[in-house]
Each structure stands twice: as C-alpha cells, then as structure tokens.
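Worksheet: one structure, shown below.
The values are calculated or read from the model by the stated rules, or taken from the named source; none is laboratory data. Nothing here was measured: the structure is a model prediction, and the numbers come from that model. Because the Cβ atoms are built from the backbone with ideal geometry, glycine has one as well, and the counts that use them run over all protein chains shown. Just so you know, the surface numbers come from the protein's heavy atoms only, side chains and all, with ligands and any DNA or RNA stripped out. Shrake-Rupley method; radii C 1.70, N 1.55, O 1.52, S 1.80 Å.
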Amino acid sequence: MSDPRLIIIPERFKNVKNIIAVSSGKGGVGKSMISVSLTLALRDKGYSVGLLDLDFTSPSTHLILGVQGLYPTEEKGITPPITDGIHYMSIVHYSLDNPTPLRGADQSDAIIELLAITRWETLDYLIIDMPPGLGDATLDMLRLIPRINFLVVSTPSVLAFESVKKLLTLLIEQGIPIKGVIENMVLTTSIYIKQEVEKMNLTYLTAIYFDNELEAAIGYPNKLISTQFHNRIVEISGKI
Amino acid sequence: MALVRVNPYILGLSKLLREIIILKKYVAAFPVMHEWALAEGVISTAQKYAKDNGLTKVTEVIVMIGELQQVEHEIIEFALDQLRTPFMKDTKFVIKSKAAKFKCRKCSHEWNFKTGKLSEDVSEAIHFVPEMAHVYIKCPNCGSPDFDVPEGRGVWLQSIKGIKE
C-alpha cells in the first residue's frame, strides 16, 4: 500500500520561498562549489538560507564549508543544524566520512526518507547540491519537490555540454523552470556554450574563469568569499 | 534516540503509580521524536485514501514497521493518537512489526538484522535513514556492502478499513 512519506514531503517545504537545485548532466563541473558559494552570496545579501547536499555517494559541501561533527536536532522530525548562518543538511551527518555505496533504488529511498523527516525553518532560499546526471535523485526532485527551479552548470567542454543538453531538454519537456546556465572552469574565451544555451531559448548566466585560488579556499568559507570565483557568483545571485 | 527505559516492575510500585510514571515518561519524550514525522505521513495518507475512496469514517489502520528502522511502537502510537483528525476520531491504529532480512547481492548469503551488534551512533543513523545500513553493515559471509533488504525496511500502511455511506 501507499508509502506514507510521499504525501508529507511538499508540506516540509511550505516555509521555503525559493528552491534552487544546482545540477548538471556531468560530474566534476563545480556544482558543489557553486552551491556553497551561491548560498553564501545570498546569505550576505541578508536572505535566510539553507543548503541541502543530495549527492549521497560523493557529498562534498561539508568539506567546502569546513564543518564536521554537526548533528541535526530531533523535533517532530529532524531540524538541520546551522553553520555559518546556513541551515545545513547532508547525509554526512549520518554517514560521516565512510563510503556510502547505494544503488539507485536505495539512493531514492534515502532521499525520500530525508525529505520526509527534515523540517526546514522559514527560508528565503534553499539551495540543493544535486548529484550529476538524470538518475534517481533528479527524477525524485522533479516528482516530489514543489516549486523547484534548476540552475544548470556546464564546463566549456563539448562533451560536458552534450550531457548538460540532455538535462536541459528533460527539464524543458517537463516544464521545470530553469534559472539559467553557468559556464564554469573557463580557460579560454569561447562563445560555443553561450550560443548553444541561447539556441535553446535559455539564459546564459555567466562564464566563470578557472580560479587558481579556489583550491586553497576549500574548508574556509571566509577565504572562498574573497575569490574571483565567488565575485562572479555574487553577480549572478542578483539575477536569480 | 535516547529513550530511557525504566522497568517499574523491578521497583515494586503499585499498578497506578507504574502507569503514572510511564505516562509522564512518554509525554516528556514523545513530542521531540522523529517518529512524529512518520506518523504525520501515516495520518495524511490514510486521510487521502479514505477521501479518494468515499469513506465517511476510518475504523482501522494497520501500520507496518520494519525492524531495520527501529521505530518505537509506543512512540508512533502516541503520535498517531495525538494527530487524529475528526475523520479518524475512533480509528483503531494497529501497529505490526516486520523482521528485517538481508540478502547479499554478491554471494546470495541471507541473514537477519541484529541490533545488539551495532553501536548507539550507528543504530541512530539507521533509525533516521535506514539506507545507512549499507554504510555500516557488511555481508557476514563475504564482507560486501551490496545487499538487498527484501523485508523489514521503513514504515508503511498495510490496510485501511472504513465505512462508506
């Protein structure tokens, strides 16, 4: 019979004004770094913000934020802990640094469980760091999260954009709002991605040049917000 | 989950005093539990099912609880009772357990869930997100984390009985 978790998930997001899933068809394009940077940018504009890391097999936002030992509180469900002014939920609260070998159906079940029991405070923005691709997590988000918007990340690579194009096509077909596409890790200026995005009648948000300072900022949000990378994210945070 | 069990029988108290202690203990502990969130799902689902099927009254809901999630029956019963809608004023909630079973996808070994072998932290992680079993439990035969849980995961509704006008 019915799974009692499904019906209450929309209720769990009723206090969240804007939900933005940072996604890509391809892995390794900088989704997690953009998710954290965007959350910090919106926080610094005075918005109340949350960050949900749904990349269960390779979570990394906790490393970018430099947090460990956080644990949700139990209050008729679970309430995400707050770090650096961010309401922060990740599977690492439970898996710690252990490998999380989950098949698709198990990932889906874990996502549903977490969405059903997590109670978000009143938030202006909830940023969701998505796992790459068109797998269970993406399909679950489309199925379960009301009012979801996507922010899609590509690199300048033709190969990356081919996967990204498939995600964009799916989102367009399903009528899911797309805030725009970010071209990340740019080494040399090219108009290829911009042209391709605009051909699909979508917004090309910005090109972010490869930033050598970024690696040293991992684990230090205060350093991250002083990088060129973050400056570009601050600019686009006003457009979404 | 830190629900301290007191065995009042050992203390040799009267029946009335035992009941008062148990009631106080649950009132203090229950409202913060995450079982509340699951109970909300049960109530909302039963309510929707009843409406969709033209029931004017729900008489019985059978809720199955998988052993893997280690949900406390008393807590979920308490939460269901508190969350009753007028539609379910006299509904009997029956809570049943399903033993958790594992089957290794690599060597086909089958085994049962034994909570006693897990630390409190691991037990708690699995309690909140049952798939954390794949992080902390390995096949006792071959050591693989790639196993199936064919029975005994999560909370689900087995049946709803009601009256149609």
Of the convex hull drawn through the C-alpha atoms of chain A, the volume per residue in Å³ is 122
Over all pairs of different Cα atoms in region A:36-78, the reciprocal of the mean inverse distance gives a Kirkwood radius in Å of 12.2
Multiply the residue gap between A:Gln228 and A:Glu75 by 0.36 nm, knock off their C-alpha separation, and tell me the result in nm, one decimal place.
51.1 nm
Normalise the Debye intensity by I(0) for region A:5-143, one equal point scatterer per Cα, no solvent, then take log10 at q = 0.12, 0.15 Å⁻¹ and round to two decimals.
-0.42, -0.69
The correct pair for region B:59-165, radius of gyration to one decimal and Dmax as a whole number, both in Å and from Cα atoms, is 16.8, 57
Solvent-accessible surface (1.4 angstrom probe) belonging to A:Arg143, in square angstrom, nearest 10:
140
Once the Cα atoms of region B:53-107 are picked out, what are the Rg and Dmax in Å?
15.4, 51
Cα-based equivalent ellipsoid of region A:169-240: semi-axis lengths in Å, sorted from largest, via gyration tensor
26, 15, 10
Keeping all protein chains in the complex and leaving out DNA, RNA and ligands, what accessible area do you get for A:Lys166 with a 1.4 Å probe, in Å² to the nearest 10?
120
Can you give the Kirkwood hydrodynamic radius for the protein assembly as shown, in Å, rounded to one decimal and based on Cα pairs?
23.1
Here is the link list: A:Lys31/B:Lys101; B:Lys57/B:Lys96; A:Lys45/A:Lys179; A:Lys165/B:Lys106. Which ones come out longer than 30 Å on Cα distance?
A:Lys31/B:Lys101; A:Lys165/B:Lys106
Quick check: pseudo-label points 7 Å beyond the Cα along Cα→Cβ at A:Ser190 and A:Asp44, how many nm apart are they?
3.0
Separation in nanometres of the label points that stand 7 Å from Cα toward Cβ, at B:Arg105 and A:Tyr220:
4.1
Just subtract the alpha-carbon distance of B:Lys98 and B:Thr59 from 0.36 nm times their residue separation and send over the number in nm, one decimal.
11.8 nm
Count the DSSP beta bridges whose two residues both fall in the protein assembly as shown, then state the antiparallel fraction as a percent rounded to the nearest 5.
35
Going by alpha carbons, how many degrees (0 to 90, nearest 10) lie between the helix axis of A:228-237 and the longest principal axis of chain A?
70
What is the angle, in °, between the Cα long axis of helix A:158-173 and the longest principal axis of the Cα atoms in chain A? Nearest 10 is fine, range 0 to 90.
50
